[in-house]
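What follows is calculated from the coordinates using simple rules that are stated; it is not laboratory data. Note that the coordinates shown come from a computational prediction; the quantities given were computed from them, not determined experimentally. Note that each Cβ is placed from the backbone with ideal geometry, even for glycine, and that neighbours are counted across all protein chains shown.
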Amino acid sequence: MTAAIRPGVERSRQGGAVGAPVCLIITPTIEQAMAAADQARRLLADPAVRVVPVTGAVRARRVLGLAPVAVVTGTPADLLTLRRDAALGVDQLQTVVIVGLDEMLAANGADTLQALLGDTPENVSRVATLERETEAGDAFLEAQLRRARRMTPLLVGDTPLAVTPRFILTAPSGRVDALRLVLDETDPPSLVVIAATDAGVADATAALERLGLVIDGLAVQVTRQPTAQHVAMAVLWEAPATFEALVESLAMRPVDAVALLLPDELPAFRRMTQSLAEAWTPAPRKAAAEDRVQQLRNALRTTLGNGHAAASELALLAPLLESHDALEIACAALRLYEGARREVANVRAKAAAAGAKSTARETPRESGRAGDAPAAPAGRQRVFLAAGTRDNVRV
């Protein structure tokens with residue numbers, strides 16, 4: 001996404017009008033629209049250039065009319081609604097970026113996309129990204145990006161990685177907490193944080209200072225161009241845009257490396273590492289997961305040790321052995337069990353929430369009035385609970 005939106009975002013620095021952006025970024029989901037807006041702000045590194053993510057058409061109609069806007073991001077449906085309401089203009093438009101075209105087409109969004117792009121000027125630059133080519137994608141590209149120049153990024157090269165980095169999925173605002181977890185867990189004697197942009201360098205520097213570390217250029221470094229100096233821990237503050245950038249980031253041969261990734265960056269990162277990258281998990285969370293697995297294994301052993309399976313259970317499962325392995329059947333049964341356990345936990349949580357929201361109020365009544373219920377004794381209250389059978393609460 002970074003490589004796709006960079007040219008359009010750079011063109012938007014000196015332009016834009018009220019409700020009329022220079023760069024329009026179309027994404028499959030609202031979450032990706034927010035991520036694209038954050039990435040555009042990092043690339044611009046200028047708070048004076050306005051970037052607006054459309055997360056709701058009603059509110060965006062008012063927000064777009066407040067001041068000139070350079071970049072607008074949003075889903076095809078929301079952006080089309082704004083176009084039909086004349087809240088989003090295209091007279092200043094220079095670049096349209098479609099992120100995840102194949103995902104939109106798979107969700108039957110071709111008509112919405114075509115309607116949105118139908119009245120854009122012919123001289124507007126159009127860029128589309130897709131994970132895989134399909135017949136529907138080729139047909140759309142031929143109709144909307146006729147004779148498009150195709151660029152296939154090199155995600156895997158011949159140069160081996162010095163170390164296979166692990167990854168943590170986070171949001172841009174959560175990178176500080178993710179970095180803190182890594183440092184608290186590993187306590188590396190030397191650390192280098194590698195950023196892909198100047199804005200990333202500034203954010204990483206602020207994060208380290210917030211954690212009380214002194215950036216001395218030796219034991220603790222923040223850089224865009226790693227040196228050959230050997231370090232204990234390398235943290236990729238932003239996902240590398242290319243395989244070459246990943247190789248360069250790890251050229252110092254760190255003992256360990258962790259990448260802080262946004263969710264939509266994970267597929268490309270997995271391809272760069274040939275699916276060898278594993279998720280980094282803090283020790284307490286890993287220990288809790290291992291305890292849960294051990295408890296489940298002990299429960300299964302206890303059940304198996306209590307006696308042979310009943311005839312009804314054998315009759316139920318025996319036909320499945322004709323088309324499935326016994327281990328596959330056990331896995332499916334375990335999946336059903338885990339799903340039922342989660343449903344029970346959800347019901348209990350809802351019941352607890354309903355009980356917490358219930359209010360206690362006193363209902364004083366005047367004695368002697370006809371039709372009134374007997375007054376509550378002194379020092380007591382009538383308590384009404386806003387919960388019932390729908391919340392799995394019974395007498």
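Assuming 0.890 mPa s and 25 °C, estimate D for segment 129-208 with Stokes-Einstein, Rh taken as the Kirkwood radius over Cα pairs, in µm²/s. If you can, show how the numbers build up before the last one.
Values: Rh = 16.9 Å.
Rounded, D is 145 µm²/s.
Principal-axis analysis of the Cα atoms of the chain puts helix 198-210 at an angle of about 40° to the longest axis. Only Lys, Arg, Asp and Glu carry charge here, each on its Cβ (+1 for the first two, -1 for the last two); on that basis segment 285-344 has a dipole of about 400 debye about its Cα centre. The shape of segment 43-181 comes out oblate: with a ≥ b ≥ c from the C-alpha gyration tensor, a/c is at least 1.5 while a/b does not beat b/c.
How compact is segment 1-82 by the rule of thumb for globular proteins, expressed as Cα Rg over 2.2 N^0.38 Å? Don't skip to the end; give the middle numbers.
Working: Rg = 11.3 Å, N = 82, 2.2 N^0.38 = 11.7 Å.
Rounded to two decimals, the normalised Rg is 0.97.
Between amide H atoms placed 1.01 Å from N, distances below 5 Å from Ala128 occur with Ile98, all of them 5 or more places distant or on a separate chain. When Rg and Dmax are taken over the Cα atoms of segment 217-321, they come to 23.1, 71 Å. Every helix of 4 or more DSSP H residues in the chain counts as -39500 (n - 2.57), and over all residues that averages to -13000 deg cm²/dmol at 222 nm. Once backbone amide H atoms are built at 1.01 Å from N, Ala20 has Val69, Gly89 as its partners under 5 Å, excluding neighbours fewer than 5 places away on the same chain.
Relative to the dominant Cα principal axis of the chain, helix 175-186 is inclined by about 80°.
What is the projected area of the convex hull of the Cα atoms of segment 285-344, averaged over all directions, in nm²? Before the final figure, lay out the partial values.
Details: hull surface 21.4 nm².
If you wrap the Cα atoms of segment 285-344 in a convex hull and average its projections, you get 5.3 nm².
Dividing the mean sequence gap of close Cα pairs (under 8 Å, 6+ apart) by how many residues the chain holds gives a relative contact order of 12 percent. The angle separating the long axis of helix 135-144 from the principal Cα axis of greatest extent in the chain is about 50 degrees. Sparsely packed loop sites in segment 56-145 (the trypsin sites (Lys or Arg not before Pro) outside DSSP H, G, I, E and B with at most 10 other Cβ atoms within 10 Å) comprise Arg132.
For segment 165-265, what class follows from the C-alpha gyration tensor (a ≥ b ≥ c being the square roots of its eigenvalues): rounded when a/c is under 1.5, otherwise prolate if a/b is larger than b/c, else oblate? Here segment 165-265 falls in the rounded category. One entry in (i) -0.28, -0.50, -1.55; (ii) -0.19, -0.35, -1.18; (iii) -0.41, -0.68, -1.21 is log10 I(q)/I(0) by the Debye sum over Cα atoms at q = 0.06, 0.08, 0.14 Å⁻¹ calculated from the shown coordinates; its label is (iii).
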